[in-house]
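Asker: What follows is a structure written as structure tokens; I'll ask about it next.
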Amino acid sequence: MDQKKRIIEVVEYDPKWPEEFEREARAISVVLRDQDARIHHIGSTAVPGLKAKPVIDIMLEVKDVAELDAHETEMKNLGYIPKGEYGIPGRRFYLKGLYDRTHHIHAFKAGSPDVQRHIAFRNYLIANPSIAREYEKLKVRCANICNNDIDKYCSEKSKFIQKHEKKAIKWMNRQQTDTVSNPDGME
């Protein structure tokens with residue numbers, strides 16, 4: 001019986017994470033050239049200076065997530081394991097590496113609330129370093145107590161994420177409104 005477990009650890013920020021994202025995004029864009037996909041770096045590895053699990057989270061915005069299924073073989077050739085919706089209706093999820101995970105891909109329909117919340121949360125953490133540090137401390141604590149149980153790790157963080165995703169979406173909407181009403185930044 002295979003007793004190998006995935007190790008859940010939060011590590012220091014690695015300045016190579018954005019480069020790893022860019023390299024992976026280029027490869028994915030070749031595979032999905034017919035999908036008009038927008039590719040975003042999300043999650044903690046997208047927040048400069050933030051400690052994170054060393055897994056690059058990638059989000060795809062596509063016209064129709066079901067059309068991604070036609071690219072499963074090509075995604076497997078890039079090293080990804082297609083997991084279908086994986087518990088979230090309307091999503092396609094891929095992972096790279098089983099125990100030694102390096103990347104996740106979350107694909108959603110362009111403009112969906114899921115796209116908005118991921119981008120808003122990332123940008124909110126970047127714009128609010130004190131909240132990012134609070135989140136970092138929580139993640140370190142969760143990794144230390146979860147005993148390599150990813151469900152427990154995620155569950156321990158969920159209240160913080162839900163609370164701050166709501167704030168992030170309001171913050172992002174205000175930012176967009178301010179930009180539209182005052183495009184030159186002048187009063």
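Asker: Could you tell me which of the residues 87, 43 is within 21 Å of residue 158 (Cβ to Cβ) and surrounded by fewer than 12 Cβ atoms within 10 Å (Cβ to Cβ)?
Answerer: 87
Asker: While we're on this one: Tell me the residue from 99, 94 that is among the aromatic types (Phe, Trp, Tyr), under 21 Å from residue 8 (Cα atoms) and at pLDDT below 95, please. It would help to see each step written out before you state the result.
Answerer: Numbers: 94 fails: at pLDDT below 95.
Step by step, each of 99, 94 is checked, and only 99 is among the aromatic types (Phe, Trp, Tyr), under 21 Å from residue 8 (Cα atoms) and at pLDDT below 95.
Asker: Report whether or not residue 156 is farther than 13 Å from residue 47 by Cβ, free of Cβ contacts under 8 Å to residues at least 24 places away in the same chain and surrounded by 14 or more Cβ atoms within 10 Å (Cβ to Cβ).
Answerer: Criteria met by residue 156.
Asker: Quick one: which helices (runs of 4 or more DSSP H) lie wholly within segment 48-153 and hold at least 3 residues that are farther than 24 Å from residue 6 by Cβ?
Answerer: Per the criteria, 113-127, 129-145.
Asker: Here is a follow-up. For residue 61, indicate whether it is under 16 Å from the mean Cα position of the chain (by Cα), closer than 20 Å to residue 116 by Cβ and surrounded by fewer than 17 Cβ atoms within 10 Å (Cβ to Cβ).
Answerer: Criteria not met by residue 61.
Asker: Looking only at segment 39-59, count how many residues are under 17 Å from residue 91 (Cβ atoms) and either of a type in the set (S, T, N, Q) or in contact with a Leu (Cβ under 7 Å, 6 or more places away or on another chain) (or both).
Answerer: Qualifying residue count for the region: 1.
Asker: Follow-up. Please go through segment 11-50 and give me each residue that is β-branched (Val, Ile, Thr) and within 30 Å of residue 109 (Cα to Cα), ordered by number.
Answerer: Those that are β-branched (Val, Ile, Thr) and within 30 Å of residue 109 (Cα to Cα): 28, 30, 31, 39, 42, 45, 47.
The values are calculated or read from the model by the stated rules, or taken from the named source; none is laboratory data. Since the model is a prediction, treat every value here as computed from it, not as a measurement. Ideal geometry is used to build each Cβ from the backbone, glycine not excepted, and the neighbour counts take in all protein chains shown.
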